[in-house]
Amino acid sequence: MADRSFLDWPFFDDAHRRLADELEAWCTAHLSGAHGNDVDEECRTLVRKLGEGGWLRYCVPAAYGGVHESLDVRSLALIRDTLARHFGLADFAFAMQGLGSGTITLFGSEAQKDAYLPAVAGGEKIAAFALTEPASGSDVASMETSAEEADGGYVVNGAKTYISNGGIADYYVLFARTGEAPGARGISAFIVDRDTEGLDESERIKVIAPHPLATLRFDRMKLPAAALLGERGKGFAQAMATLDVFRTTVGAAALGFARRALDEATARALTRKLGQGMLADNPITQSKLAEMVLDVDTSALLIYRAAWLRDVMGKRNSREAALAKLHATDSAQSVIDKAVQLFGGLGVTHGVPVESLYREIRALRIYEGASEVQKVVIARAHLAEFAA
Ligand SMILES: Cc1cc2nc3c(=O)[nH]c(=O)nc-3n(C[C@H](O)[C@H](O)[C@H](O)COP(=O)(O)OP(=O)(O)OC[C@H]3O[C@@H](n4cnc5c(N)ncnc54)[C@H](O)[C@@H]3O)c2cc1C
């Protein structure tokens with residue numbers, strides 16, 4: 001039984017505690033956890049189910065069908081923590097509705113918010129966030145996809161890759177170079193509907209934990225002026241502001257995976273015979289379990305502190321979000337690895353939860369800022385604070 005004592009921490013309100021209880025009951029009733037063969041169809045179904053359950057309302061502000069006036073990071077993190085513990089693909093479906101609509105929530109016009117956010121909250125539109133390119137992943141500022149002004153709108157050429165929900169999304173929030181200045185200051189954001197002429201989303205990418213992922217190609221793709229999202233030339237800052245909200249929640253997903261691994265490993269250790277006793281009676285096993293508990297608790301503290309700082313203190317939390325993402329994703333990897341070890345041969349057998357967790361966790365240390373990038377953010381903040 002997953003440890004739920006963290007819900008008593010002062011970072012939460014009673015509304016968060018109710019949310020955690022209600023979502024727990026919903027997950028038990030609605031998420032089978034079984035992967036079908038068609039991951040696209042499974043994701044579409046999950047988005048619809050999450051919409052019907054009302055959970056996607058946490059991805060948008062109240063004025064557009066959401067729950068909170070503005071995005072509440074503690075709720076987003078609690079939801080990801082819980083969904084990931086039950087079923088990784090459900091967490092993915094939820095997370096992408098948030099990430100793929102976040103830039104519209106933060107910077108969209110009223111017309112754009114009206115057109116997209118209620119449909120995202122209802123699970124009627126599937127969202128995606130297209131930033132990474134074949135030649136620029138971590139180094140976002142050097143992106144090459146261009147959006148040139150023409151005929152009162154824009155013409156887009158280039159490619160984006162590793163785009164989650166690529167191939168099934170109803171729209172993409174796309175970042176492209178509009179050329180106001182070199183580097184980070186010459187990028188703008190756009191909303192691209194899936195049926196736009198010149199958009200090719202047919203090249204799919206298969207990864208170790210299956211979910212919809214594609215390379216997008218833009219060949220003279222025409223966009224109307226109204227597709228521009230926020231101010232021209234501010235796309236880099238908008239992308240970073242969106243990632244700032246969701247980075248903490250990547251840590252929360254890792255935490256959910258780690259909690260599940262700890263639960264699975266504990267149950268196994270208590271029931272697997274070793275010599276005259278059980279695996280759990282062995283001091284080496286107990287040392288492993290203690291380290292796993294420590295990793296889970298420290299991750300939870302860092303994640304919910306980062307979320308609370310932003311929600312309640314209204315502070316920019318780049319340093320704390322980076323600490324939370326770095327620690328939670330790295331340590332979840334270690335927790336899951338220990339769980340696999342405790343399962344022995346069964347741990348690497350297809351269909352056993354710890355085996356799929358082992359595959360699920362890996363990408364979280366790479367996307368939305370690799371662990372090394374988080375270290376750069378943390379060290380820069382530390383040095384600046386020290387010098388001040
Ligand atoms: C499953 C999955 C889903 C994804 N979904 C999306 C999505 O929806 N939208 C989107 O836009 N992108 C998405 N991505 C792309 C992801 O954001 C990039 O993979 C990531 O930013 C790293 O870029 P890269 O793969 O080009 O690696 P590179 O930028 O080439 O980096 C390779 C490695 O170099 C090291 N490194 C990088 N920068 C530094 C640094 N400053 N200092 C020290 N070392 C460094 C790190 O170890 C890093 O892993 C997804 C990726 C995966 C794997």
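The values are calculated or read from the model by the stated rules, or taken from the named source; none is laboratory data. Keep in mind the model is a prediction, meaning the values are calculated, not measured. Positions of Cβ are backbone-derived with ideal geometry, glycine not excepted, and every protein chain shown enters the neighbour counts.
Condition check ((1) closer than 23 Å to Asp8 by Cα; (2) touching a Leu at 6+ places or on another chain (Cβ under 6 Å)) across all residues:
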| residue | (1), (2) |
| --- | --- |
| Leu243 | no, no |
| Thr248 | yes, no |
| Gln276 | no, no |
| Asp281 | no, no |
| Thr285 | no, yes |
| Leu294 | yes, no |
| Asp297 | yes, no |
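Residues in the stretch 101-118 that are farther than 19 Å from Glu201 by Cβ, away from the ligand (no atom under 16 Å from the Cβ) and in contact with a strand residue (DSSP E or B) (Cβ under 9 Å, 6 or more places away or on another chain): Phe107, Gly108, Ser109, Gln112, Ala115. Would you check if there is a residue in the stretch 280-303 being surrounded by fewer than 23 Cβ atoms within 10 Å (Cβ to Cβ), at pLDDT 95 or above and not in a helix (DSSP H, G or I)? Scanning the stretch 280-303, I find at least one residue that is surrounded by fewer than 23 Cβ atoms within 10 Å (Cβ to Cβ), at pLDDT 95 or above and not in a helix (DSSP H, G or I), so the answer is yes. Considering (1) more than 15 Å from the chain's Cα centre (by Cα); (2) of a type in the set (S, T, N, Q); (3) surrounded by 18 or more Cβ atoms within 10 Å (Cβ to Cβ), the lone condition that Ser101 does not fulfil carries the number (1). Across the stretch 172-186, the qualifying residues are those that are crowded, with 18+ Cβ neighbours inside 10 Å and more than 13 Å from the ligand (Cβ to nearest atom), and the one among them that is nearest to Ser136 (Cα to Cα) is Arg177. Of all the residues in the stretch 1-45, those that are surrounded by 16 or more Cβ atoms within 10 Å (Cβ to Cβ) and basic (Lys, Arg) number 1. When the criteria are applied in full, Ala77 meets the requirement of being of a type in the set (A, V, I, L, M, F, W, C) and touching a Ser or Thr at 6+ places or on another chain (Cβ under 9 Å).
Taking the condition of being surrounded by fewer than 22 Cβ atoms within 10 Å (Cβ to Cβ), of a type in the set (A, V, I, L, M) and more than 7 Å from the ligand (Cβ to nearest atom), how many residues in the stretch 347-376 meet it? Counting residues in the stretch 347-376 that are surrounded by fewer than 22 Cβ atoms within 10 Å (Cβ to Cβ), of a type in the set (A, V, I, L, M) and more than 7 Å from the ligand (Cβ to nearest atom) gives 2. Kindly indicate which of Ala121, Ala130, Ala115 is of a type outside the set (Asp, Glu), within 14 Å of Arg217 (Cα to Cα) and either touching a Gly at 6+ places or on another chain (Cβ under 9 Å) or modelled with pLDDT of 95 or more (or both). Being of a type outside the set (Asp, Glu), within 14 Å of Arg217 (Cα to Cα) and either touching a Gly at 6+ places or on another chain (Cβ under 9 Å) or modelled with pLDDT of 95 or more (or both) holds for just one of Ala121, Ala130, Ala115, which is Ala130.
Could you name every one of the strands (runs of 3 or more DSSP E) located completely within the stretch 119-169 that has at least 3 residues being out of contact with any Asp or Glu (no Cβ under 6 Å at 6 or more places or on another chain) and more than 7 Å from the ligand (Cβ to nearest atom)?
In the stretch 119-169, the matching strands (runs of 3 or more DSSP E) lie at 146-150, 153-164.
Among residues that are in a helix (DSSP H, G or I), crowded, with 22+ Cβ neighbours inside 10 Å and within 16 Å of the ligand (Cβ to nearest atom), Leu342 is not included.
Within the stretch 195-220, the set of residues being within 15 Å of the ligand (Cβ to nearest atom), basic (Lys, Arg) and touching a residue at least 24 places away in the same chain (Cβ under 8 Å) comprises Arg204, Arg217.
Any idea how many residues of the stretch 5-32 are more than 16 Å from Gly53 (Cβ to Cβ) and either out of contact with any helix residue (DSSP H, G or I) (no Cβ under 7 Å at 6 or more places or on another chain) or of a type in the set (Gly, Ala, Ser) (or both)?
6
Counted as qualifying within the stretch 186-271 are the strands (runs of 3 or more DSSP E) with 2 or more residues that are hydrophobic (A, V, I, L, M, F, W, C), namely 187-193, 213-224. Look through Arg85, Arg74, Arg48, Arg44 and report the one residue that is in contact with a His (Cβ under 8 Å, 6 or more places away or on another chain) and either touching a residue at least 12 places away in the same chain (Cβ under 8 Å) or closer than 15 Å to Tyr171 by Cα (or both). Testing whether each residue is in contact with a His (Cβ under 8 Å, 6 or more places away or on another chain) and either touching a residue at least 12 places away in the same chain (Cβ under 8 Å) or closer than 15 Å to Tyr171 by Cα (or both) leaves just Arg74. Residues in the stretch 347-372 that are in contact (Cβ under 8 Å) with a residue 60 or more places away in the chain and in contact with a helix residue (DSSP H, G or I) (Cβ under 8 Å, 6 or more places away or on another chain): Pro353, Val354, Ser356, Leu357, Glu360, Ile361, Arg362, Leu364, Tyr367, Glu368, Gly369.
Ser70: farther than 30 Å from Arg220 by Cβ and surrounded by fewer than 20 Cβ atoms within 10 Å (Cβ to Cβ), yes or no? So Ser70 passes the test.
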